[in-house]
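See structure below.
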Amino acid sequence: FVIGDVPAASSVDGGFAFSQNVRIVAARAGLWANGEPLHFAKTFGQARGPLAPYATRRQWRVFSLALGDDALSSLTDPDLVDEWGYEFSMKLPPTRWRLGAEAVMSIFRDHYEGTKFDMTRGLASGAYGDPARFDPADNRDVFPHDGVSATAAAEDGRFERAISLFRCAYSFVSQPRNFRLEENGDETQVVAAPPMVWVAQYAPHSASYVPVFAEASEVPKALAEGSLHEVSQTAQYWPHALVGNWAARFYVVAMPIVKAARDKAEQKTRRDLADFLFLLGEEDKEGDATTTAPPPTNNRTEAVGVFAEKTATASVEAWWGLFWDLAARVKDGQRLDDLNAEKLHPTQLFYRKSWLEEVGFYFKQHQQQTRLFYVPDPHETHDWFRALPPRLQLAVTFVSGSLLGVLVAKVCCQGRR
């Protein structure tokens, strides 16, 4: 529900098409009065209230990435924008007209990195910058003495909502026309392409996109098979999910490894696609095999299907390789930078200073270098003894123990008399 004001008439050429009965339905349901402007989200959606940033923050981020860093300077600050957010769409300036499929994929993978909303920073991201924020739920069975109800969690607080989300089942980017191959941001090849979509299962930041062609007779098996009830060696979802979950443990350390492998796999896919489309176009023009290696078959429908199948299978195999590599390289608080070295010299992954400060790692002035008995816990201020400084805890313990000893001795002496 991000669509705002609906124009009076539907127009494909005008860039805003909709059902002709949209106003009739709204009026019949008592949601809109004839003659008034029709704001789609306000009419058919529910009030967002304090949870508005859950939606509007992502709008702001998508627009800012698509339009350029300074493009939103004239818009309301994302902290102050009203609950219905920004315009439904914005026109790209001429300097950004080449925003292509790769740029959209990059936007899909975002967690507000580099902004004040960066989800890889702060105490909520843990010691290693995990951007995942799980959904509010009743967890009192899991934490009997420290749980919350779903209602309280949903109404009394919120986390930022990333664009790339752990519970994303799949994402896709439609590419109906020319395919552009780029190397390091520079366009190197433009090839006519049949209509296709780039598809990736699981959260986009831990996934590779593969092409699926509209004219193919079947969807690649890696995208059509699998279950959430058991791990599958052939379904694309599972190696993506396993890499994402493993990397989350040491996110800021592991993700550069994941990103390098992900980008390498996607770049190979795009190069192979460019070569395949060129040969496919040559075959279409000549009607038979070219002097170079032809597509797998002379049947165009079968050819694009075979290419998509091979590409998806290769991607799954690459991600399983990445998972096992990551499991060996990043674990137990260390990172192995050279798996072929005779002797291991791991990089130690001790915690970030800012996180150590937040969790009370450093000794307080009154604690010096030894913590005796209990360390004061701000969540247990009702326990007066735990709230005392360690040395005072020791003194209280000594005095109370001495008094107890005197009392026991006195009782014993009186008993003997």
| Quick one: how many residues across segment 17-51 are of a type outside the set (Asp, Glu), part of a loop (DSSP other than H, G, I, E, B) and either over 29 Å from ASP156 (Cβ atoms) or modelled with pLDDT of 90 or more (or both)? | 14
| Condition broken by TRP320, with the remaining ones in (1) under 30 Å from ALA274 (Cα atoms); (2) among the aromatic types (Phe, Trp, Tyr); (3) modelled with pLDDT under 95 satisfied | (3)
| task | State which residue is most open to solvent (accessible area, probe 1.4 Å) when the search covers only segment 224-236 and only residues that are in contact with a Phe, Trp or Tyr (Cβ under 8 Å, 6 or more places away or on another chain) and in contact (Cβ under 8 Å) with a residue 60 or more places away in the chain. | result | GLN233
| message | For segment 26-69, which positions are open to solvent by 50 Å² or more (accessible area, probe 1.4 Å) and either β-branched (Val, Ile, Thr) or more than 30 Å from the chain's Cα centre (by Cα) (or both)? | response | ARG28, ALA29, GLY30, LEU31, ASN34, GLY35, GLU36, PRO37, VAL62
| request: May I ask you to say which residue of LEU356, LEU372, LEU344 is at pLDDT 55 or above and assigned to a loop (DSSP other than H, G, I, E, B)? | output: LEU344
| request: Run TRP84 past the list (1) at pLDDT 80 or above; (2) of a type outside the set (Lys, Arg); (3) surrounded by 13 or more Cβ atoms within 10 Å (Cβ to Cβ) and report the number of the one that doesn't hold. | output: (1)
| Of all the residues that make up segment 130-140, how many are crowded, with 16+ Cβ neighbours inside 10 Å and over 13 Å from the mean Cα position of the chain (by Cα)? | 1
| said: I'm trying to understand the selection: among the residues of segment 199-223, which are assigned to a loop (DSSP other than H, G, I, E, B), closer than 25 Å to ILE107 by Cβ and open to solvent by 10 Å² or more (accessible area, probe 1.4 Å)? | reply: TYR202, ALA214, VAL219
| request: Select from segment 105-129 the residues that are open to solvent by less than 40 Å² (accessible area, probe 1.4 Å) and either in contact with a strand residue (DSSP E or B) (Cβ under 8 Å, 6 or more places away or on another chain) or acidic (Asp, Glu) (or both) and list them in ascending order. | output: MET105, ASP110, ASP118
| request: Give me a count of the residues in segment 169-198 that are at pLDDT 80 or above, open to solvent by 20 Å² or more (accessible area, probe 1.4 Å) and closer than 30 Å to ARG121 by Cβ. | output: 3
| remark: For segment 375-417, the count of residues that are modelled with pLDDT of 60 or more, open to solvent by 100 Å² or more (accessible area, probe 1.4 Å) and closer than 30 Å to LYS353 by Cβ equals 1
| query | Within segment 314-333, which residues are charged (D, E, K, R) and open to solvent by less than 80 Å² (accessible area, probe 1.4 Å)? | reply | ASP325, ARG329, LYS331
| task | Kindly indicate the residue of segment 253-284 that is β-branched (Val, Ile, Thr) and open to solvent by 20 Å² or more (accessible area, probe 1.4 Å) and also farthest from ALA308 (Cα to Cα) among those meeting that condition. | result | VAL253
| query | Only one of these conditions is not met by LEU336: (1) at pLDDT 85 or above; (2) exposed (fewer than 10 other Cβ atoms within 10 Å of the Cβ); (3) aliphatic (A, V, I, L, M). Which number is it? | reply | (2)
| note | Checked PHE159, PHE143, PHE166 against criteria (modelled with pLDDT of 90 or more and open to solvent by 80 Å² or more (accessible area, probe 1.4 Å)); the one match is PHE143
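The values are calculated or read from the model by the stated rules, or taken from the named source; none is laboratory data. It should be emphasised that the depicted structure is a prediction, and the values quoted were computed from it without experimental measurement. Note that each Cβ is placed from the backbone with ideal geometry, even for glycine, and that neighbours are counted across all protein chains shown. Ligands, DNA and RNA are excluded from the accessible area calculation, which covers all protein heavy atoms including side chains. Shrake-Rupley method; radii C 1.70, N 1.55, O 1.52, S 1.80 Å.
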